[in-house]
Amino acid sequence: MSERFNLAAWFVDRHLEEGRGDRVALYCGDGQTTYAQLAELVNRTGHVLRDLGVRQEERVLLALADGVEFVATWYAAQKMGAVTAEVYTFLPAKDLPYYLDYTRAGVVVADATTLERVREARPSSRWLRTVLVVGTPAAELGEGEASYDELVAQAPAELDPAPTGPDDIALWKFTTGSTGMPKACVHRAITPVRSFEHYAEGVLGIRPDDVLLPVPKLFFGYARDLAALYPFGVGGAGIVFPERTTADRIFELIARHRPTILVNVPTMMRAMLERPGEDLSCLRLCTSAGEALPRELHRRWLEAFGVEVLDGIGSSEAYHIYISNRPGAGRPGTLGQVVPGYSARVVDEHGHELPDGETGRLFVTGDTAALMYWNAREKSVETFAGDTVMSGDLFTRDADGFFAYRGRADDLLKVGGIWVAPQEIELCLAAHPDVAECAVVGYEDQGLQKPRAFVVPRPGAAPDAESLKAHVKSTLSPHKYPRDVRFLDELPRTGTGKVDRSALRAVVA
């Protein structure tokens with residue numbers, strides 16, 4: 001890698017230089033955007049950001065729905081050497097001030113979906129100069145707001161990439177906030193390319209004729225990388241859509257665009273199984289990440305659709321997927337083996353490697369590790385050691401090098417003086433024929449910690465609490481059974497689709 005490197009030049013402009021400008025880069029609605037069209041929009045958007053005062057290394061916060069403009073703005077900020085950060089499209093207004101203050105963004109890019117919430121949060125920011133609004137004419141905007149469409153139409157179509165290098169800070173990836181307020185993992189410009197090489201090429205075998213459809217929204221790095229970075233690494237295409245994700249919408253997009261890879265999560269897989277007769281024959285594989293994929297759900301998916309699922313795990317700290325199943329060599333119930341370019345160890349509380357079969361924290365080493373958490377020195381020291389991420393995730397590894405997720409270390413419950421992993425109970429309950437999904441958290445009862453299960457029954461089923469308790473007692477060590485079982489229509493989830501355990505812990509006993 002030379003001293004000069006720019007993400008937008010590598011993922012977008014390179015295709016024009018190598019004669020692929022007329023290839024489709026993005027599908028959105030009924031429209032198609034070629035690499036040449038995307039490159040021009042990136043350049044025009046970059047000029048707009050520069051005219052609004054954005055400078056190299058300054059953060060630009062994207063708070064808008066998925067679409068071509070989202071992708072173009074992300075790459076425009078990269079091309080001019082700024083740092084990108086994104087927030088959940090449907091984030092409540094009360095949570096936006098945190099991101100405005102934390103990023104110190106001078107420009108926030110919004111649209112009709114998010115504008116009112118950004119306006120409500122704006123007074124809290126000392127840094128915000130301009131809200132750049134997609135899809136709204138200037139006549140309908142107020143002071144400190146600018147029309148993206150009108151400014152882009154007037155901007156030059158050419159833009160030289162900023163003189164950035166591979167080690168420049170280029171993007172932030174936020175944690176999910178499962179252990180407190182989301183923290184930004186600070187990544188170098190070269191990191192997405194290395195991740196592309198390790199995972200997209202090394203595991204998925206991504207091809208120029210691949211079309212990728214993401215279930216999560218683009219603010220979630222798992223989706224953005226697989227829809228708008230990794231396919232661009234080989235001249236493939238991604239599908240973007242602004243609406244909330246539903247099973248109906250996913251089936252409609254599959255029928256319309258015939259993607260080859262579906263970027264999925266277990267929650268949506270479960271919803272899609274309510275319509276098992278749909279045609280997914282265009283898919284050569286499906287990825288799954290974000291939360292553990294229960295073995296029973298995996299079995300039902302294969303039985304209904306016959307599309308291979310590559311379950312894996314990644315993190316904002318390590319940038320993307322670092323353990324994954326392989327095409328044709330998956331093992332249901334596991335997250336697969338270490339992705340090329342990484343090494344992983346299961347360690348005890350002293351950092352000593354554990355034998356196969358024992359549960360411990362996972363330490364992952366690779367060249368995509370974040371530099372730090374932004375403005376969180378103590379937590380950074382706890383998590384990062386050079387190119388090693390000392391995660392708080394619990395795993396076991398078998399003799400064949402397959403890893404199985406066992407929950408988070410900070411979720412462990414001490415029941416009757418013995419440590420219990422909630423996920424072990426969840427997997428047991430998920431195997432019950434009447435259970436669609438479940439989550440287990442701890443609660444206090446007269447000073448003692450006990451497991452509580454929240455269960456979503458399968459349609460038409462009516463399990464009772466005592467039968468589920470008996471099921472766990474008969475399957476696991478008796479002390480692990482949930483002392484309290486509660487039934488819900490659905491589990492609360494974060495913007496990235498993970499179960500919101502803090503919301504479940506807040507349930508009054």
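The values are calculated or read from the model by the stated rules, or taken from the named source; none is laboratory data. As the structure is a prediction and not an experimental result, all values here were calculated from the model. Neighbour counts are summed over all protein chains in view; Cβ atoms, including those assigned to glycine, are modelled from backbone coordinates with ideal geometry. We work out accessible area using only protein heavy atoms, side chains counted, and drop any ligands, DNA or RNA first. Shrake-Rupley method; radii C 1.70, N 1.55, O 1.52, S 1.80 Å.
When you scan region 459-467, do you find a residue that is open to solvent by 30 Å² or more (accessible area, probe 1.4 Å) and in contact with a strand residue (DSSP E or B) (Cβ under 7 Å, 6 or more places away or on another chain), even just one? No, that holds for no residue. Among the residues making up region 353-369, those that are in contact with a helix residue (DSSP H, G or I) (Cβ under 8 Å, 6 or more places away or on another chain), buried (at least 18 other Cβ atoms within 10 Å of the Cβ) and within 26 Å of A85 (Cβ to Cβ) are G366, T368.
Screening A153 on (1) buried (at least 16 other Cβ atoms within 10 Å of the Cβ); (2) in contact with a helix residue (DSSP H, G or I) (Cβ under 9 Å, 6 or more places away or on another chain); (3) of a type in the set (A, V, I, L, M) shows it passes everything except condition (1). Take Y342 and tell me if it is touching a residue at least 12 places away in the same chain (Cβ under 8 Å), within 22 Å of P327 (Cα to Cα), open to solvent by 20 Å² or more (accessible area, probe 1.4 Å) and within 19 Å of the chain's Cα centre (by Cα). It is false that Y342 is touching a residue at least 12 places away in the same chain (Cβ under 8 Å), within 22 Å of P327 (Cα to Cα), open to solvent by 20 Å² or more (accessible area, probe 1.4 Å) and within 19 Å of the chain's Cα centre (by Cα). When R493, R501, R483 are checked against the criterion of being at pLDDT 90 or above and on the phi < 0 side of the Ramachandran plot, a single residue qualifies: R483.
I'd like to check something: does region 78-93 contain any residue that is in a helix (DSSP H, G or I) and buried (at least 24 other Cβ atoms within 10 Å of the Cβ)? Don't jump to the end; show me each part of the working.
Of all residues in region 78-93, those in a helix (DSSP H, G or I) come to 78-79, 93.
Narrowing the set further to residues that are buried (at least 24 other Cβ atoms within 10 Å of the Cβ) leaves 78-79.
For region 78-93, residues in a helix (DSSP H, G or I) and buried (at least 24 other Cβ atoms within 10 Å of the Cβ): present.
So, A439, is that one in contact with an Asp or Glu (Cβ under 7 Å, 6 or more places away or on another chain) and assigned to a strand (DSSP E or B) or not? Spelling it out, A439 is indeed in contact with an Asp or Glu (Cβ under 7 Å, 6 or more places away or on another chain) and assigned to a strand (DSSP E or B). Residues in region 468-479 that are assigned to a helix (DSSP H, G or I) and surrounded by 12 or more Cβ atoms within 10 Å (Cβ to Cβ): L468, K469, A470, H471, V472, K473, T475, H479.
Every condition in (1) in a loop (DSSP other than H, G, I, E, B); (2) over 23 Å from E150 (Cβ atoms) is met by V54 except one, and the failing one is (2). The residue list L302, L297 contains one member that is open to solvent by less than 20 Å² (accessible area, probe 1.4 Å) and within 30 Å of D434 (Cβ to Cβ), which is L297. Against the numbered list (1) open to solvent by 60 Å² or more (accessible area, probe 1.4 Å); (2) assigned to a helix (DSSP H, G or I); (3) closer than 30 Å to V364 by Cβ; (4) among the acidic types (D, E), D400 comes up short only at (2).
Within region 155-209, the set of residues being under 30 Å from D22 (Cβ atoms) and among the charged types (D, E, K, R) comprises E158, D160, R194, E197, E201, R207, D209. Scanning region 1-20 for residues that are out of contact with any Gly (no Cβ under 7 Å at 6 or more places or on another chain) and either more than 20 Å from L226 (Cα to Cα) or at pLDDT below 95 (or both) gives M1, S2, L16, E17, E18, G19. What number of residues within region 66-77 are farther than 24 Å from D167 by Cα, open to solvent by less than 10 Å² (accessible area, probe 1.4 Å) and either out of contact with any Cys (no Cβ under 9 Å at 6 or more places or on another chain) or not in a loop (DSSP other than H, G, I, E, B) (or both)? Of the residues in that region, 1 qualify. Cβ-Cβ distances below 7 Å connect the following pairs, each with a first residue in region 30-42 that is outside any strand (DSSP E or B), a second residue that is of a type in the set (D, E), and a separation of six or more residues or different chains: A36/D22; A39/D13. Can you find even one residue in region 480-495 that is touching a Gly at 6+ places or on another chain (Cβ under 7 Å), aliphatic (A, V, I, L, M), without any contact (Cβ under 8 Å) to a residue 40 or more places away in the chain and in a strand (DSSP E or B)? No: region 480-495 contains no residue that is touching a Gly at 6+ places or on another chain (Cβ under 7 Å), aliphatic (A, V, I, L, M), without any contact (Cβ under 8 Å) to a residue 40 or more places away in the chain and in a strand (DSSP E or B). Looking at this structure, is A9 touching a Lys or Arg at 6+ places or on another chain (Cβ under 8 Å), open to solvent by 10 Å² or more (accessible area, probe 1.4 Å), hydrophobic (A, V, I, L, M, F, W, C) and not in a loop (DSSP other than H, G, I, E, B)? In short, yes.
Within region 432-451, track down each residue that is of a type outside the set (F, W, Y) and farther than 22 Å from G497 by Cβ.
H432, P433, D434, G442, E444, D445, Q446, G447, L448, Q449, K450, P451, listed by residue number.
Which one of these is under 20 Å from the mean Cα position of the chain (by Cα) and open to solvent by 10 Å² or more (accessible area, probe 1.4 Å): T136, T130, T176? Being under 20 Å from the mean Cα position of the chain (by Cα) and open to solvent by 10 Å² or more (accessible area, probe 1.4 Å) holds for just one of T136, T130, T176, which is T176.
From F241, F196, grab the single residue that is within 23 Å of L7 (Cβ to Cβ) and buried (at least 19 other Cβ atoms within 10 Å of the Cβ). Show your work before the answer.
Details: F241 fails: within 23 Å of L7 (Cβ to Cβ).
Exactly one residue qualifies, and that residue is F196.
Please determine, by comparing only the residues of region 341-362 that are assigned to a strand (DSSP E or B) and of a type in the set (S, T, Y), which one is nearest to D398 (Cα to Cα).
S343
The condition (being touching a Cys at 6+ places or on another chain (Cβ under 8 Å) and surrounded by 20 or more Cβ atoms within 10 Å (Cβ to Cβ)) is satisfied by just one residue among V215, V309, V265: V309. Per the listing V118, V54, V48, the residue uniquely among the hydrophobic types (A, V, I, L, M, F, W, C), over 17 Å from V152 (Cα atoms) and open to solvent by less than 10 Å² (accessible area, probe 1.4 Å) is V118.
Condition check ((1) acidic (D, E); (2) within 30 Å of G67 (Cα to Cα)) across all residues:
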| position | (1), (2) |
| --- | --- |
| A247 | no, yes |
| L283 | no, yes |
| L293 | no, yes |
| R299 | no, no |
| E308 | yes, yes |
